[in-house]
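Inspection log for the structure reproduced underneath, given as C-alpha cells.
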Amino acid sequence: MSICYKYIVKVGEKEIEIDDKVVKILNVYAKTDMSLEKLAEELGLESWEEAYEFVKKVPSWIIWTPSLLWKRELEKCSSAKDVKIVKL
C-alpha cells in the first residue's frame, strides 16, 4: 500500500500547497540572495512578513530538496491508495 503526502502551509488567509514549482522557488531562495520581498512576490503573498512566516513553517529538508525529485514524488500520488494532507 503506497501513501502519498501533500504538504500545505497556511499563511494569513492563504493556503499554499508545496508543489514542485514552490520547491523550485524555495531552492532559489536558499541558494541565492533572494530577498523576502522577492520571495513574497514569487509566491503571491502580500508582504515580506508573510514570506518570513512561510519560510519559518516549511521544514528545511523541503527547502533543500531538488524540485525534480519533489515532482517525481508527487507524481506517485496519482497511483497512491492513500493521500495524506499535512498542514504546516
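The values are calculated or read from the model by the stated rules, or taken from the named source; none is laboratory data. Nothing here was measured: the structure is a model prediction, and the numbers come from that model. So basically every Cβ, Gly included, is an ideal-geometry build from the backbone, and we count neighbours across all protein chains shown.
Consider region 21-59 and keep the residues that are part of a loop (DSSP other than H, G, I, E, B) and among the small types (Gly, Ala, Ser). The one that is nearest to the chain's Cα centre (by Cα) is Gly44. Scanning region 60-88 for residues that are hydrophobic (A, V, I, L, M, F, W, C) and not in a helix (DSSP H, G or I), we see that the one that is modelled with the lowest pLDDT is Ala80. Restricting region 47-67 to residues that are small (Gly, Ala, Ser) and loosely packed, with under 15 Cβ neighbours inside 10 Å, the residue that is nearest to Lys14 (Cα to Cα) is Ser47. The residue pairs whose first member lies in region 61-85 and is in contact (Cβ under 8 Å) with a residue 12 or more places away in the chain and more than 12 Å from Ile3 (Cβ to Cβ), whose second member is among the basic types (Lys, Arg) and surrounded by 11 or more Cβ atoms within 10 Å (Cβ to Cβ), and whose beta carbons are closer than 7 Å, counting only pairs six or more residues apart or on different chains, are Ser67/Lys24.
Test of understanding: among Gly44, Gly12, which residue is in contact with a helix residue (DSSP H, G or I) (Cβ under 8 Å, 6 or more places away or on another chain), farther than 20 Å from Trp70 by Cα and surrounded by fewer than 15 Cβ atoms within 10 Å (Cβ to Cβ)?
Gly12
Note on region 1-20: residues that are outside any strand (DSSP E or B) and more than 13 Å from the chain's Cα centre (by Cα) amount to 4. Consider Leu39 carefully, then state whether it is in contact with a Gly (Cβ under 9 Å, 6 or more places away or on another chain) and at pLDDT 95 or above. No, not satisfied.
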